[in-house]
Amino acid sequence: MADLYKDPIGTAQEAAQKLAQITGKPSHDVVLVMGSGWISATDALGKPTHEFAITDLPGFSAPTVTGHGGVVRSYEVTHDGKSLNVLVLLGRTHLYEGKGIEAVVHGVRTAVKAGCKTVVLTNACGGINRDYRVGQPVIIRDHISMTGVSPLIGADFVDLTDLYSKRLRDLVKKEDSTLAEGVYVHWRGPAYETPAEINMLRTLGADLVGMSTVPEAIAAHSLGAEVLGISLVTNAAAGVTGEKLSHTEVMEAGAAAAGRMGELLRKVLNRL
Ligand code: 8IG
(Lines give C-alpha, C1' and ligand atoms only; values in the text may rest on other atoms or scores of the structure.)
Protein backbone atom coordinates (compact mmCIF):
# COMPACT_ATOMS: atom_id res chain seq x y z
CA MET A 1 0.00 0.00 0.00
CA ALA A 2 1.34 3.43 -0.95
CA ASP A 3 2.21 5.95 1.78
CA LEU A 4 0.11 9.15 1.68
CA TYR A 5 3.10 11.37 2.49
CA LYS A 6 5.65 9.67 0.19
CA ASP A 7 3.27 9.07 -2.70
CA PRO A 8 0.06 11.13 -2.36
CA ILE A 9 -1.08 10.63 -5.95
CA GLY A 10 -0.42 6.87 -5.84
CA THR A 11 -2.38 6.65 -2.58
CA ALA A 12 -5.28 8.56 -4.17
CA GLN A 13 -5.18 6.10 -7.06
CA GLU A 14 -5.40 3.18 -4.61
CA ALA A 15 -8.25 4.84 -2.71
CA ALA A 16 -10.10 5.37 -6.01
CA GLN A 17 -9.74 1.66 -6.83
CA LYS A 18 -11.08 0.68 -3.42
CA LEU A 19 -14.00 3.08 -3.91
CA ALA A 20 -14.85 1.40 -7.23
CA GLN A 21 -14.67 -1.98 -5.48
CA ILE A 22 -16.93 -0.97 -2.58
CA THR A 23 -19.56 0.77 -4.73
CA GLY A 24 -19.38 -1.54 -7.74
CA LYS A 25 -19.17 1.64 -9.86
CA PRO A 26 -16.10 1.73 -12.11
CA SER A 27 -16.17 5.53 -12.01
CA HIS A 28 -17.87 8.56 -10.50
CA ASP A 29 -18.68 11.77 -12.37
CA VAL A 30 -18.99 14.50 -9.75
CA VAL A 31 -17.80 14.93 -6.18
CA LEU A 32 -19.46 17.16 -3.61
CA VAL A 33 -17.31 18.02 -0.62
CA MET A 34 -19.68 19.01 2.15
CA GLY A 35 -18.40 21.49 4.70
CA SER A 36 -19.73 22.08 8.19
CA GLY A 37 -23.40 22.92 8.13
CA TRP A 38 -23.85 21.49 4.64
CA ILE A 39 -24.27 17.85 5.60
CA SER A 40 -28.08 17.74 5.71
CA ALA A 41 -28.18 19.51 2.33
CA THR A 42 -27.52 16.05 0.86
CA ASP A 43 -31.10 15.04 1.77
CA ALA A 44 -32.11 16.68 -1.52
CA LEU A 45 -30.14 14.01 -3.42
CA GLY A 46 -32.37 11.17 -2.26
CA LYS A 47 -31.04 7.93 -0.83
CA PRO A 48 -27.41 6.98 -1.41
CA THR A 49 -26.66 3.62 -3.00
CA HIS A 50 -23.69 3.23 -0.65
CA GLU A 51 -22.49 4.82 2.58
CA PHE A 52 -19.31 3.96 4.48
CA ALA A 53 -16.61 5.44 6.72
CA ILE A 54 -13.90 7.31 4.82
CA THR A 55 -11.32 5.38 6.86
CA ASP A 56 -12.31 2.31 4.79
CA LEU A 57 -10.29 3.88 1.96
CA PRO A 58 -6.46 3.93 1.95
CA GLY A 59 -4.77 7.09 3.24
CA PHE A 60 -7.64 8.54 5.27
CA SER A 61 -7.71 9.04 9.02
CA ALA A 62 -10.70 9.74 11.24
CA PRO A 63 -11.98 13.36 11.39
CA THR A 64 -11.53 15.42 14.52
CA VAL A 65 -14.08 18.27 14.33
CA THR A 66 -17.77 18.21 15.35
CA GLY A 67 -19.94 18.57 12.28
CA HIS A 68 -17.27 17.22 9.96
CA GLY A 69 -18.55 13.74 9.22
CA GLY A 70 -15.84 11.43 7.86
CA VAL A 71 -18.46 9.60 5.80
CA VAL A 72 -18.50 8.77 2.10
CA ARG A 73 -21.72 8.38 0.14
CA SER A 74 -22.34 7.36 -3.44
CA TYR A 75 -25.52 8.46 -5.21
CA GLU A 76 -27.02 7.80 -8.59
CA VAL A 77 -28.70 11.07 -9.56
CA THR A 78 -30.98 10.87 -12.59
CA HIS A 79 -32.51 13.73 -14.55
CA ASP A 80 -34.08 13.78 -18.04
CA GLY A 81 -33.07 10.18 -18.63
CA LYS A 82 -29.41 10.91 -17.86
CA SER A 83 -27.69 9.53 -14.80
CA LEU A 84 -24.66 10.72 -12.84
CA ASN A 85 -22.61 8.86 -10.27
CA VAL A 86 -22.19 11.42 -7.54
CA LEU A 87 -19.67 10.99 -4.78
CA VAL A 88 -20.29 12.89 -1.57
CA LEU A 89 -17.64 13.45 1.06
CA LEU A 90 -19.26 14.45 4.33
CA GLY A 91 -16.55 16.41 6.01
CA ARG A 92 -12.96 17.16 5.15
CA THR A 93 -9.51 17.49 6.69
CA HIS A 94 -8.29 21.01 7.48
CA LEU A 95 -4.77 22.37 7.57
CA TYR A 96 -5.15 23.28 11.25
CA GLU A 97 -5.54 19.59 12.19
CA GLY A 98 -1.82 19.18 11.64
CA LYS A 99 -2.07 16.10 9.41
CA GLY A 100 -0.29 17.89 6.59
CA ILE A 101 -1.43 19.26 3.25
CA GLU A 102 -1.42 15.74 1.75
CA ALA A 103 -4.27 14.72 4.08
CA VAL A 104 -6.15 17.96 3.33
CA VAL A 105 -6.39 17.23 -0.41
CA HIS A 106 -6.55 13.42 -0.31
CA GLY A 107 -10.35 13.37 -0.66
CA VAL A 108 -10.50 15.46 -3.84
CA ARG A 109 -7.50 13.68 -5.34
CA THR A 110 -9.22 10.35 -4.71
CA ALA A 111 -12.41 11.66 -6.31
CA VAL A 112 -10.62 12.94 -9.41
CA LYS A 113 -8.71 9.66 -9.73
CA ALA A 114 -12.11 7.93 -9.46
CA GLY A 115 -13.20 9.83 -12.56
CA CYS A 116 -14.80 13.00 -11.19
CA LYS A 117 -14.37 15.76 -13.77
CA THR A 118 -16.42 18.18 -11.70
CA VAL A 119 -15.47 19.04 -8.12
CA VAL A 120 -17.97 20.98 -6.02
CA LEU A 121 -16.45 22.39 -2.85
CA THR A 122 -18.80 23.74 -0.22
CA ASN A 123 -17.90 25.41 3.05
CA ALA A 124 -19.17 27.50 5.90
CA CYS A 125 -17.31 30.76 6.35
CA GLY A 126 -17.22 34.19 7.86
CA GLY A 127 -18.56 37.15 5.92
CA ILE A 128 -16.08 40.02 5.53
CA ASN A 129 -18.14 41.91 2.96
CA ARG A 130 -20.57 44.11 4.88
CA ASP A 131 -23.34 43.43 2.36
CA TYR A 132 -23.44 39.74 3.29
CA ARG A 133 -25.95 38.27 5.73
CA VAL A 134 -25.75 35.12 7.85
CA GLY A 135 -27.35 32.22 5.98
CA GLN A 136 -26.45 33.61 2.56
CA PRO A 137 -24.73 31.37 -0.02
CA VAL A 138 -21.98 33.04 -2.05
CA ILE A 139 -20.33 31.62 -5.18
CA ILE A 140 -16.53 31.69 -4.95
CA ARG A 141 -15.15 33.73 -7.84
CA ASP A 142 -11.51 33.68 -6.79
CA HIS A 143 -9.35 33.15 -3.73
CA ILE A 144 -6.47 34.53 -1.72
CA SER A 145 -4.21 32.09 0.09
CA MET A 146 -3.10 33.52 3.42
CA THR A 147 -1.43 30.23 4.34
CA GLY A 148 0.80 30.06 1.28
CA VAL A 149 0.70 26.28 1.64
CA SER A 150 0.34 24.49 -1.69
CA PRO A 151 -0.56 20.82 -2.15
CA LEU A 152 1.66 20.74 -5.25
CA ILE A 153 5.28 19.69 -5.16
CA GLY A 154 7.80 20.16 -7.94
CA ALA A 155 7.74 22.29 -11.08
CA ASP A 156 3.95 22.07 -11.47
CA PHE A 157 3.40 25.69 -12.57
CA VAL A 158 -0.34 25.36 -12.88
CA ASP A 159 -2.35 28.31 -14.18
CA LEU A 160 -5.06 29.54 -11.77
CA THR A 161 -6.67 32.32 -13.80
CA ASP A 162 -9.90 30.31 -14.21
CA LEU A 163 -9.60 28.15 -11.09
CA TYR A 164 -13.25 28.64 -10.13
CA SER A 165 -14.77 27.78 -13.49
CA LYS A 166 -16.69 30.62 -15.14
CA ARG A 167 -18.83 28.03 -16.90
CA LEU A 168 -19.91 26.46 -13.60
CA ARG A 169 -20.42 29.82 -11.89
CA ASP A 170 -22.71 30.95 -14.71
CA LEU A 171 -24.59 27.68 -14.52
CA VAL A 172 -25.29 28.23 -10.80
CA LYS A 173 -26.41 31.80 -11.45
CA LYS A 174 -28.87 30.51 -14.05
CA GLU A 175 -30.48 28.57 -11.20
CA ASP A 176 -30.42 31.50 -8.80
CA SER A 177 -29.64 34.90 -10.25
CA THR A 178 -29.69 36.53 -6.79
CA LEU A 179 -26.47 34.78 -5.73
CA ALA A 180 -23.46 36.98 -5.05
CA GLU A 181 -19.91 36.10 -6.08
CA GLY A 182 -16.98 36.77 -3.81
CA VAL A 183 -13.30 36.29 -3.09
CA TYR A 184 -12.58 33.62 -0.45
CA VAL A 185 -9.51 33.85 1.72
CA HIS A 186 -7.92 30.77 3.25
CA TRP A 187 -6.94 31.35 6.86
CA ARG A 188 -5.11 28.50 8.59
CA GLY A 189 -6.89 28.76 11.91
CA PRO A 190 -7.89 27.14 14.17
CA ALA A 191 -8.16 30.57 15.82
CA TYR A 192 -10.45 32.94 13.99
CA GLU A 193 -9.09 36.31 12.85
CA THR A 194 -8.76 39.40 14.97
CA PRO A 195 -10.85 42.43 13.94
CA ALA A 196 -7.62 44.07 12.70
CA GLU A 197 -6.90 41.06 10.51
CA ILE A 198 -10.41 41.20 9.07
CA ASN A 199 -9.87 44.87 8.17
CA MET A 200 -6.59 43.89 6.52
CA LEU A 201 -8.26 41.09 4.55
CA ARG A 202 -11.07 43.39 3.40
CA THR A 203 -8.46 45.89 2.20
CA LEU A 204 -6.78 43.06 0.27
CA GLY A 205 -10.01 42.35 -1.60
CA ALA A 206 -11.47 39.47 0.39
CA ASP A 207 -15.21 38.97 0.86
CA LEU A 208 -15.25 35.63 2.68
CA VAL A 209 -12.90 33.94 5.12
CA GLY A 210 -12.61 30.29 6.06
CA MET A 211 -10.23 27.48 6.83
CA SER A 212 -10.67 25.18 3.83
CA THR A 213 -11.37 24.87 0.10
CA VAL A 214 -8.30 26.61 -1.37
CA PRO A 215 -5.84 23.66 -1.28
CA GLU A 216 -8.57 21.29 -2.53
CA ALA A 217 -9.41 23.63 -5.43
CA ILE A 218 -5.75 23.81 -6.47
CA ALA A 219 -5.23 20.04 -6.20
CA ALA A 220 -8.39 19.26 -8.19
CA HIS A 221 -7.58 21.83 -10.89
CA SER A 222 -4.02 20.58 -11.28
CA LEU A 223 -5.41 17.09 -11.98
CA GLY A 224 -7.67 18.54 -14.68
CA ALA A 225 -11.02 18.75 -12.89
CA GLU A 226 -13.39 21.71 -13.18
CA VAL A 227 -14.00 23.38 -9.81
CA LEU A 228 -17.07 25.05 -8.34
CA GLY A 229 -16.91 26.61 -4.87
CA ILE A 230 -19.92 27.69 -2.83
CA SER A 231 -19.63 29.28 0.59
CA LEU A 232 -22.36 29.62 3.13
CA VAL A 233 -21.89 32.70 5.30
CA THR A 234 -22.58 31.40 8.81
CA ASN A 235 -21.19 34.32 10.81
CA ALA A 236 -20.10 37.89 10.35
CA ALA A 237 -16.28 37.94 10.46
CA ALA A 238 -14.57 39.27 13.58
CA GLY A 239 -15.29 42.91 14.32
CA VAL A 240 -17.97 43.28 11.62
CA THR A 241 -20.89 43.26 14.08
CA GLY A 242 -19.05 43.20 17.40
CA GLU A 243 -20.54 39.78 18.21
CA LYS A 244 -18.16 37.00 19.27
CA LEU A 245 -17.75 33.98 16.99
CA SER A 246 -18.91 30.55 18.11
CA HIS A 247 -18.82 27.14 16.45
CA THR A 248 -22.34 26.37 17.76
CA GLU A 249 -23.77 29.42 15.99
CA VAL A 250 -22.02 28.37 12.81
CA MET A 251 -23.63 24.93 12.97
CA GLU A 252 -27.06 26.45 13.64
CA ALA A 253 -26.82 28.84 10.70
CA GLY A 254 -25.76 25.91 8.51
CA ALA A 255 -28.68 23.77 9.63
CA ALA A 256 -31.14 26.59 8.95
CA ALA A 257 -29.89 27.03 5.37
CA ALA A 258 -29.46 23.31 4.56
CA GLY A 259 -32.76 22.95 2.68
CA ARG A 260 -32.01 25.81 0.31
CA MET A 261 -28.43 24.60 -0.20
CA GLY A 262 -29.64 21.09 -1.01
CA GLU A 263 -32.08 22.35 -3.63
CA LEU A 264 -29.37 24.48 -5.19
CA LEU A 265 -26.93 21.54 -5.40
CA ARG A 266 -29.58 19.28 -6.86
CA LYS A 267 -30.40 21.84 -9.58
CA VAL A 268 -26.72 22.32 -10.38
CA LEU A 269 -26.26 18.54 -10.75
CA ASN A 270 -29.23 18.44 -13.11
CA ARG A 271 -27.51 20.96 -15.37
CA LEU A 272 -24.13 19.20 -15.55
I1 8IG B 1 -17.86 28.83 9.70
O2 8IG B 1 -15.08 33.87 10.59
C3 8IG B 1 -16.31 29.98 9.75
N4 8IG B 1 -15.12 29.54 9.41
N5 8IG B 1 -11.15 31.89 9.35
N6 8IG B 1 -13.13 32.90 9.99
C7 8IG B 1 -12.44 31.82 9.56
N8 8IG B 1 -13.00 30.64 9.36
C9 8IG B 1 -14.32 30.57 9.56
C10 8IG B 1 -15.09 31.65 9.99
C11 8IG B 1 -14.46 32.89 10.21
N12 8IG B 1 -16.36 31.24 10.10
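The values are calculated or read from the model by the stated rules, or taken from the named source; none is laboratory data. Every value quoted in this text rests on a predicted model; they were computed, and no experiment measured them. For neighbour counting, all protein chains shown are included, and Cβ atoms are generated from backbone atoms with ideal geometry for every residue, glycine included. Areas reflect the complete protein model, heavy atoms only, side chains present, ligands, DNA and RNA absent. Shrake-Rupley method; radii C 1.70, N 1.55, O 1.52, S 1.80 Å.
Condition check: over 19 Å from the mean Cα position of the chain (by Cα), without any contact (Cβ under 8 Å) to a residue 24 or more places away in the chain and open to solvent by less than 40 Å² (accessible area, probe 1.4 Å). Does residue 70 satisfy that? No.
Only residues that are outside any loop (DSSP other than H, G, I, E, B) and open to solvent by less than 20 Å² (accessible area, probe 1.4 Å) were counted in region 156-170, giving 2.
Based on what the data block shows, is residue 43 surrounded by fewer than 18 Cβ atoms within 10 Å (Cβ to Cβ) and at negative phi?
Considered against the rule, which asks whether it is surrounded by fewer than 18 Cβ atoms within 10 Å (Cβ to Cβ) and at negative phi, residue 43 comes out as yes.
Might you let me know whether region 24-33 holds any residue that is in a helix (DSSP H, G or I), within 29 Å of residue 150 (Cβ to Cβ), open to solvent by less than 20 Å² (accessible area, probe 1.4 Å) and at pLDDT 95 or above? Checked region 24-33: no residue is in a helix (DSSP H, G or I), within 29 Å of residue 150 (Cβ to Cβ), open to solvent by less than 20 Å² (accessible area, probe 1.4 Å) and at pLDDT 95 or above.
List the strands (runs of 3 or more DSSP E) that sit entirely inside region 81-155 and contain at least 2 residues that are within 16 Å of the ligand (Cβ to nearest atom), open to solvent by less than 10 Å² (accessible area, probe 1.4 Å) and touching a Gly at 6+ places or on another chain (Cβ under 6 Å). Before you say what the answer is, go through the steps one by one.
Values: elements: 82-90, 118-127, 137-145.
The qualifying strands (runs of 3 or more DSSP E) are 118-127, 137-145.
When region 46-67 is filtered for residues that are within 16 Å of the ligand (Cβ to nearest atom) and either open to solvent by 40 Å² or more (accessible area, probe 1.4 Å) or free of Cβ contacts under 8 Å to residues at least 12 places away in the same chain (or both), the ones remaining, listed by number, are 63, 64, 66.
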